Amino acid sequence: MTETDSARLLIIGPPGAGKGTQASRIAERYDVPAISTGDIFRANIKGGTELGKQVQQIIESGELVPDSLTNEIVADRLAQEDAARGFLLDGYPRTVDQVHALDGMLDGRSLDAVILLEADTDAVVARLMKRAELEGRADDTEEVIRHRQEVYAEQTAPLVELFSKRGILVSVDGLGTVEEVADRISDGLDAKLGLGTEVGANAKAGR
Ligand code: AMP
(Lines give C-alpha, C1' and ligand atoms only; values in the text may rest on other atoms or scores of the structure.)
Protein backbone atom coordinates (compact mmCIF):
# COMPACT_ATOMS: atom_id res chain seq x y z
CA MET A 1 0.00 0.00 0.00
CA THR A 2 1.14 3.52 -0.61
CA GLU A 3 1.03 6.42 1.82
CA THR A 4 -2.32 7.58 0.49
CA ASP A 5 -3.99 4.20 0.75
CA SER A 6 -5.84 3.36 3.88
CA ALA A 7 -7.42 0.39 5.55
CA ARG A 8 -10.55 0.94 7.59
CA LEU A 9 -11.06 -2.26 9.50
CA LEU A 10 -13.09 -3.75 12.32
CA ILE A 11 -12.65 -6.88 14.34
CA ILE A 12 -15.76 -8.39 15.86
CA GLY A 13 -16.44 -11.55 17.86
CA PRO A 14 -17.60 -12.78 21.25
CA PRO A 15 -15.82 -11.57 24.39
CA GLY A 16 -12.83 -13.84 25.00
CA ALA A 17 -12.30 -14.85 21.36
CA GLY A 18 -8.87 -13.19 21.39
CA LYS A 19 -9.73 -9.97 19.52
CA GLY A 20 -7.31 -7.75 21.47
CA THR A 21 -4.30 -9.97 20.80
CA GLN A 22 -5.08 -10.21 17.11
CA ALA A 23 -5.99 -6.53 16.85
CA SER A 24 -2.51 -5.35 17.77
CA ARG A 25 -0.97 -7.65 15.17
CA ILE A 26 -3.34 -6.59 12.41
CA ALA A 27 -2.84 -2.92 13.27
CA GLU A 28 0.91 -3.32 13.01
CA ARG A 29 0.70 -5.21 9.75
CA TYR A 30 -1.54 -2.67 8.04
CA ASP A 31 0.13 0.26 9.79
CA VAL A 32 -3.03 1.71 11.32
CA PRO A 33 -3.91 2.50 14.97
CA ALA A 34 -5.88 -0.14 16.90
CA ILE A 35 -8.77 1.57 18.63
CA SER A 36 -10.44 -0.42 21.40
CA THR A 37 -13.41 1.13 23.20
CA GLY A 38 -12.92 -1.39 26.04
CA ASP A 39 -9.30 -0.18 26.47
CA ILE A 40 -10.41 3.46 26.43
CA PHE A 41 -13.02 2.76 29.11
CA ARG A 42 -10.60 0.73 31.24
CA ALA A 43 -7.93 3.45 31.05
CA ASN A 44 -10.50 6.00 32.22
CA ILE A 45 -11.61 3.78 35.10
CA LYS A 46 -7.99 3.31 36.14
CA GLY A 47 -7.31 7.03 35.85
CA GLY A 48 -10.38 7.88 37.91
CA THR A 49 -11.73 10.29 35.27
CA GLU A 50 -15.32 11.50 35.08
CA LEU A 51 -15.93 9.13 32.17
CA GLY A 52 -14.40 6.30 34.16
CA LYS A 53 -16.77 6.94 37.05
CA GLN A 54 -19.70 7.02 34.66
CA VAL A 55 -18.95 3.66 33.07
CA GLN A 56 -17.35 1.59 35.84
CA GLN A 57 -20.50 -0.01 37.22
CA ILE A 58 -21.95 -0.68 33.79
CA ILE A 59 -18.79 -2.45 32.67
CA GLU A 60 -18.47 -4.48 35.85
CA SER A 61 -22.03 -5.72 35.44
CA GLY A 62 -21.37 -6.87 31.88
CA GLU A 63 -23.86 -4.45 30.33
CA LEU A 64 -23.07 -2.11 27.45
CA VAL A 65 -22.20 1.55 27.93
CA PRO A 66 -24.98 3.68 26.37
CA ASP A 67 -24.63 4.20 22.62
CA SER A 68 -24.64 7.99 22.84
CA LEU A 69 -21.63 8.05 25.16
CA THR A 70 -19.74 5.36 23.26
CA ASN A 71 -20.38 7.00 19.89
CA GLU A 72 -19.09 10.32 21.17
CA ILE A 73 -15.85 8.76 22.38
CA VAL A 74 -15.25 7.00 19.07
CA ALA A 75 -16.02 10.14 17.06
CA ASP A 76 -13.39 12.03 19.08
CA ARG A 77 -10.85 9.27 18.64
CA LEU A 78 -11.41 8.92 14.89
CA ALA A 79 -11.00 12.67 14.49
CA GLN A 80 -7.41 12.42 15.71
CA GLU A 81 -4.74 12.72 13.09
CA ASP A 82 -3.35 9.20 13.30
CA ALA A 83 -6.72 7.75 12.27
CA ALA A 84 -6.95 9.76 9.07
CA ARG A 85 -5.16 7.10 7.01
CA GLY A 86 -7.14 4.22 8.45
CA PHE A 87 -7.79 2.33 11.67
CA LEU A 88 -8.72 -0.97 13.19
CA LEU A 89 -11.71 -0.79 15.52
CA ASP A 90 -11.87 -3.44 18.22
CA GLY A 91 -15.07 -3.78 20.26
CA TYR A 92 -16.95 -1.08 18.35
CA PRO A 93 -19.56 -1.01 16.88
CA ARG A 94 -21.45 -3.40 19.15
CA THR A 95 -25.05 -2.43 18.37
CA VAL A 96 -26.99 -1.59 15.21
CA ASP A 97 -27.29 1.99 16.43
CA GLN A 98 -23.49 2.19 16.71
CA VAL A 99 -23.12 0.91 13.14
CA HIS A 100 -25.28 3.76 11.91
CA ALA A 101 -23.38 6.27 14.04
CA LEU A 102 -20.10 4.98 12.60
CA ASP A 103 -21.47 5.25 9.04
CA GLY A 104 -22.17 8.89 9.82
CA MET A 105 -18.67 9.48 11.17
CA LEU A 106 -17.11 7.96 8.08
CA ASP A 107 -19.23 10.21 5.91
CA GLY A 108 -19.52 7.95 2.90
CA ARG A 109 -16.04 6.46 3.11
CA SER A 110 -17.04 2.87 3.64
CA LEU A 111 -15.27 0.28 5.75
CA ASP A 112 -12.91 -1.97 3.84
CA ALA A 113 -13.31 -5.20 5.82
CA VAL A 114 -14.79 -6.63 9.00
CA ILE A 115 -13.01 -9.59 10.57
CA LEU A 116 -15.31 -11.96 12.45
CA LEU A 117 -13.35 -14.01 14.96
CA GLU A 118 -15.53 -17.05 15.51
CA ALA A 119 -15.41 -18.91 18.80
CA ASP A 120 -17.55 -21.38 20.69
CA THR A 121 -19.30 -19.94 23.78
CA ASP A 122 -18.18 -22.66 26.20
CA ALA A 123 -14.58 -22.33 25.02
CA VAL A 124 -14.53 -18.55 25.50
CA VAL A 125 -16.23 -18.74 28.90
CA ALA A 126 -13.58 -21.24 30.04
CA ARG A 127 -10.83 -18.99 28.68
CA LEU A 128 -12.22 -15.90 30.42
CA MET A 129 -12.62 -17.66 33.76
CA LYS A 130 -9.03 -18.78 33.60
CA ARG A 131 -7.90 -15.25 32.78
CA ALA A 132 -9.97 -13.81 35.66
CA GLU A 133 -8.26 -16.24 38.02
CA LEU A 134 -4.74 -15.60 36.69
CA GLU A 135 -5.13 -11.82 36.63
CA GLY A 136 -6.99 -11.63 39.91
CA ARG A 137 -10.05 -10.03 38.33
CA ALA A 138 -12.40 -10.81 41.19
CA ASP A 139 -15.26 -8.96 39.49
CA ASP A 140 -15.20 -11.28 36.49
CA THR A 141 -17.43 -13.96 37.97
CA GLU A 142 -18.84 -16.73 35.82
CA GLU A 143 -22.21 -14.99 35.99
CA VAL A 144 -20.86 -11.73 34.55
CA ILE A 145 -18.80 -13.57 31.97
CA ARG A 146 -21.87 -15.48 30.80
CA HIS A 147 -23.93 -12.32 30.80
CA ARG A 148 -21.41 -10.63 28.46
CA GLN A 149 -21.86 -13.58 26.07
CA GLU A 150 -25.64 -13.13 26.16
CA VAL A 151 -25.31 -9.41 25.50
CA TYR A 152 -23.06 -10.24 22.54
CA ALA A 153 -25.54 -12.78 21.17
CA GLU A 154 -28.47 -10.39 21.51
CA GLN A 155 -26.99 -7.04 20.52
CA THR A 156 -23.78 -7.61 18.58
CA ALA A 157 -24.20 -10.91 16.71
CA PRO A 158 -26.90 -9.40 14.43
CA LEU A 159 -24.24 -7.04 13.06
CA VAL A 160 -22.50 -9.97 11.40
CA GLU A 161 -25.31 -10.41 8.88
CA LEU A 162 -25.39 -6.70 8.23
CA PHE A 163 -21.68 -6.62 7.34
CA SER A 164 -22.03 -9.83 5.36
CA LYS A 165 -24.73 -8.18 3.24
CA ARG A 166 -22.36 -5.29 2.62
CA GLY A 167 -19.87 -7.81 1.24
CA ILE A 168 -17.06 -6.88 3.62
CA LEU A 169 -17.11 -9.77 6.09
CA VAL A 170 -14.06 -11.99 6.57
CA SER A 171 -14.91 -14.94 8.86
CA VAL A 172 -12.02 -16.57 10.64
CA ASP A 173 -11.94 -19.59 12.94
CA GLY A 174 -10.60 -18.28 16.26
CA LEU A 175 -9.60 -21.70 17.53
CA GLY A 176 -5.87 -22.40 17.49
CA THR A 177 -2.61 -20.75 18.45
CA VAL A 178 -2.17 -16.99 18.20
CA GLU A 179 0.07 -17.56 15.15
CA GLU A 180 -2.39 -19.85 13.40
CA VAL A 181 -5.26 -17.45 13.87
CA ALA A 182 -3.10 -14.47 12.83
CA ASP A 183 -2.18 -16.25 9.58
CA ARG A 184 -5.83 -16.99 8.82
CA ILE A 185 -6.73 -13.35 9.39
CA SER A 186 -3.91 -12.08 7.17
CA ASP A 187 -4.85 -14.43 4.35
CA GLY A 188 -8.53 -13.56 4.59
CA LEU A 189 -7.88 -9.83 4.78
CA ASP A 190 -5.38 -9.76 1.94
CA ALA A 191 -7.88 -11.58 -0.25
CA LYS A 192 -10.71 -9.21 0.72
CA LEU A 193 -8.62 -6.09 0.31
CA GLY A 194 -7.19 -7.31 -2.97
CA LEU A 195 -3.69 -7.29 -1.53
CA GLY A 196 -2.55 -10.66 -2.71
CA THR A 197 0.44 -8.78 -3.95
CA GLU A 198 2.85 -6.33 -2.39
CA VAL A 199 1.67 -5.76 1.18
CA GLY A 200 0.82 -9.39 1.74
CA ALA A 201 4.12 -10.58 0.30
CA ASN A 202 6.11 -7.94 2.16
CA ALA A 203 4.38 -8.65 5.44
CA LYS A 204 4.94 -12.38 5.03
CA ALA A 205 8.60 -11.76 4.30
CA GLY A 206 8.78 -9.62 7.42
CA ARG A 207 9.38 -6.37 5.53
P1 AMP B 1 -14.20 -5.18 25.69
O2 AMP B 1 -12.84 -5.08 26.26
O3 AMP B 1 -14.29 -4.75 24.26
O4 AMP B 1 -14.82 -6.52 25.90
O5 AMP B 1 -15.12 -4.14 26.49
C6 AMP B 1 -15.28 -4.21 27.88
C7 AMP B 1 -16.59 -3.58 28.29
O8 AMP B 1 -16.61 -2.20 27.90
C9 AMP B 1 -17.83 -4.18 27.65
O10 AMP B 1 -18.29 -5.32 28.34
C11 AMP B 1 -18.80 -3.02 27.72
O12 AMP B 1 -19.33 -2.88 29.02
C13 AMP B 1 -17.90 -1.83 27.46
N14 AMP B 1 -17.82 -1.53 26.01
C15 AMP B 1 -16.75 -1.68 25.20
N16 AMP B 1 -17.03 -1.33 23.94
C17 AMP B 1 -18.33 -0.95 23.95
C18 AMP B 1 -19.23 -0.51 22.94
N19 AMP B 1 -18.85 -0.40 21.65
N20 AMP B 1 -20.50 -0.20 23.31
C21 AMP B 1 -20.90 -0.31 24.59
N22 AMP B 1 -20.11 -0.74 25.58
C23 AMP B 1 -18.84 -1.07 25.27
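The values are calculated or read from the model by the stated rules, or taken from the named source; none is laboratory data. Keep in mind it's a predicted model, so treat the numbers as computed, not measured. Please note: Cβ atoms are built from the backbone with ideal geometry, for glycine as well, and neighbour counts cover all protein chains shown. For accessibility, only protein heavy atoms count, side chains too; no ligands or nucleic acids. Shrake-Rupley method; radii C 1.70, N 1.55, O 1.52, S 1.80 Å.
Below are the figures for this structure:
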item	result
Segments 152-162, 23-33 sorted - mean Cβ within 10 Å per residue, highest first	23-33, 152-162
Sequence of 46, 192, 165 when ordered by accessible area, the most exposed leading, probe 1.4 angstrom	46, 165, 192
Rg followed by Dmax, in Å, when the chain is reduced to its Cα trace	16.9, 47
Between helix 178-193 and the chain: long-axis angle, C-alpha atoms, 0 to 90°, nearest 10	50
Inter-site label distance for residue 60 and residue 165 at 7 Å from Cα along Cβ, in nm	3.9
Rounded tilt (10° steps) of 121-134 against the dominant C-alpha axis of the chain	70
Rounded FRET efficiency, nearest 0.05, which uses the C-beta distance separating residue 143 from residue 82 and R0 of 41 Å	0.60
Per residue Cα convex hull volume in Å³ - calculated over segment 105-173	125
Base-10 log of normalised Debye intensity for segment 48-87 (one unit scatterer per alpha-carbon) at q = 0.26 Å⁻¹	-0.87
Ellipticity estimate at 222 nm from DSSP helix runs (n ≥ 4, -39,500 (n - 2.57)) divided over the chain, nearest 500	-16500 deg cm²/dmol
